[in-house]
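Only one structure is covered here, and it is reproduced in the block below.
The values are calculated or read from the model by the stated rules, or taken from the named source; none is laboratory data. Keep in mind it's a predicted model, so treat the numbers as computed, not measured. Every residue, glycine among them, receives a Cβ derived from its backbone with ideal geometry; neighbour counts consider all protein chains shown.
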Amino acid sequence: MFVACFLDSSQDDYHLKRYSLSSLDLFISELLCEDVVAVESTGNTRYFIDKIVYRVKDVKVINPMQFKVISESVKKTDEHDAITIARFLSKGIIPEVRMKDKKTSQIASLCRPGTSLSSSALL
């Protein structure tokens, strides 16, 4: 489940919409080629970016450790966070984290403690 905040070009008017993972295709279909999307960095961020990057102008990945406005918010709701992210994005002041490319990310996941390779996987 995620909440999207669509901010109009005047940056005064917005609307919120809640999506489930099963309705991700609906979210993607509503994106425009001039849209810029900001998403918090989580375990599912790579999957989400891979699904939307071809539909939008740009995707910004937020570094949650540097975006204290969200992490230290008193009013911690998905809706409030989505509005805050949209407003900061519109002003160009989102603290970004650089994402590894897909191949590097896959290699890194194999190198984590607890990950094992069988000999058949190496062939």
*Within segment 36-52, is even one residue over 18 Å from Asp78 (Cβ atoms) and in contact with a Lys or Arg (Cβ under 6 Å, 6 or more places away or on another chain)?*
yes
*Residue count, segment 1-39 (criterion: of a type outside the set (Gly, Ala, Ser), assigned to a helix (DSSP H, G or I) and either out of contact with any strand residue (DSSP E or B) (no Cβ under 8 Å at 6 or more places or on another chain) or surrounded by fewer than 15 Cβ atoms within 10 Å (Cβ to Cβ) (or both))*: 6
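Here's the yes/no breakdown for (1) at pLDDT 65 or above; (2) assigned to a loop (DSSP other than H, G, I, E, B):
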site: Ala82; (1), (2): yes, no
site: Phe88; (1), (2): yes, no
site: Gly92; (1), (2): yes, yes
site: Thr104; (1), (2): yes, no
site: Ala108; (1), (2): yes, no
site: Gly114; (1), (2): no, yes
site: Ser120; (1), (2): no, no
_Flag for Thr42 being in contact with a strand residue (DSSP E or B) (Cβ under 9 Å, 6 or more places away or on another chain) and either at pLDDT below 95 or acidic (Asp, Glu) (or both)_ = no
*Pull up segment 56-78, narrow it to residues that are more than 19 Å from Ser20 (Cα to Cα) and assigned to a helix (DSSP H, G or I), then point me to the one that is modelled with the lowest pLDDT.*
Ser71
